[in-house]
Amino acid sequence: MDSLSFKHMESLEEIKSCFIIMKQLRSHLIDAETFGLQILHQRESSYHLLAAYKNEDIVGLAGYRYLENLLYGRFLYVDDLIVSSDARNLGLGEKIISFLREEAQSMSCAHLVLDTGMGNALAQRFYFRNDFLPKGIHFSQEI
């Protein structure tokens, strides 16, 4: 497999170039411009968008934040994690998780935390294989 490289997406143009991949995870997204502006807004709350490149192509994304609470202390929370549908089963997800783990350690985080859908069995299996353990059930209420 070709080598994988990582880049934090900073500019609006860089962020917009991630839209096609992110839409595979977040199908409700409308267009690249709106997506880019939303990510820039989320950056005000410490959101980072990491792109995984294989050669010149973006093949995966991770959106994450550094948070702190009474349960975990300081931790890295993964909001978004996606490997392009045409690049799955190549070990790329594991490499993205490994990169995030190193990021978390470098920022003195005690945990790497994420949520996944109750019905997303493939993602759950992936997280178990990568040493994540379920710690609770995430509840949500529309307001």
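The values are calculated or read from the model by the stated rules, or taken from the named source; none is laboratory data. Predicted model only: the values in this text are computed from it and were never measured. Cβ atoms come from the backbone with ideal geometry, glycine included; neighbour counts cover every protein chain shown.
Taking the conditions exactly as written (under 28 Å from Glu10 (Cα atoms) and exposed (fewer than 10 other Cβ atoms within 10 Å of the Cβ)), does Ser84 satisfy them or not? It would help to see each step written out before you state the result.
On the way: under 28 Å from Glu10 (Cα atoms): yes; exposed (fewer than 10 other Cβ atoms within 10 Å of the Cβ): no.
No.
Within segment 43-56, the residues that satisfy the criterion of being touching a residue at least 12 places away in the same chain (Cβ under 8 Å) and closer than 20 Å to Lys7 by Cβ are Ser46, Tyr47, His48, Leu49, Leu50, Ala51, Ala52, Tyr53, Lys54, Asn55.
Taking segment 1-42 as the range and being of a type in the set (A, V, I, L, M) and either over 16 Å from the mean Cα position of the chain (by Cα) or outside any helix (DSSP H, G or I) (or both) as the test, the residues that pass are Met1, Leu4, Met9, Leu12, Leu29, Ile30, Ala32, Leu37. The residue that is surrounded by the fewest Cβ atoms within 10 Å (Cβ to Cβ), among those in segment 89-108 that are modelled with pLDDT under 95 and more than 15 Å from the chain's Cα centre (by Cα), is Asn89.
Looking at this structure, is Gln141 part of a helix (DSSP H, G or I) and either of a type in the set (S, T, N, Q) or in contact with a helix residue (DSSP H, G or I) (Cβ under 7 Å, 6 or more places away or on another chain) (or both)? Let's see the steps before the verdict.
Numbers: part of a helix (DSSP H, G or I): no; either of a type in the set (S, T, N, Q) or in contact with a helix residue (DSSP H, G or I) (Cβ under 7 Å, 6 or more places away or on another chain) (or both): yes.
Spelling it out, it is not the case that Gln141 is part of a helix (DSSP H, G or I) and either of a type in the set (S, T, N, Q) or in contact with a helix residue (DSSP H, G or I) (Cβ under 7 Å, 6 or more places away or on another chain) (or both).
Just one of the numbered conditions (1) in contact (Cβ under 8 Å) with a residue 40 or more places away in the chain; (2) over 22 Å from Cys18 (Cα atoms) is not true of Phe99: (2).
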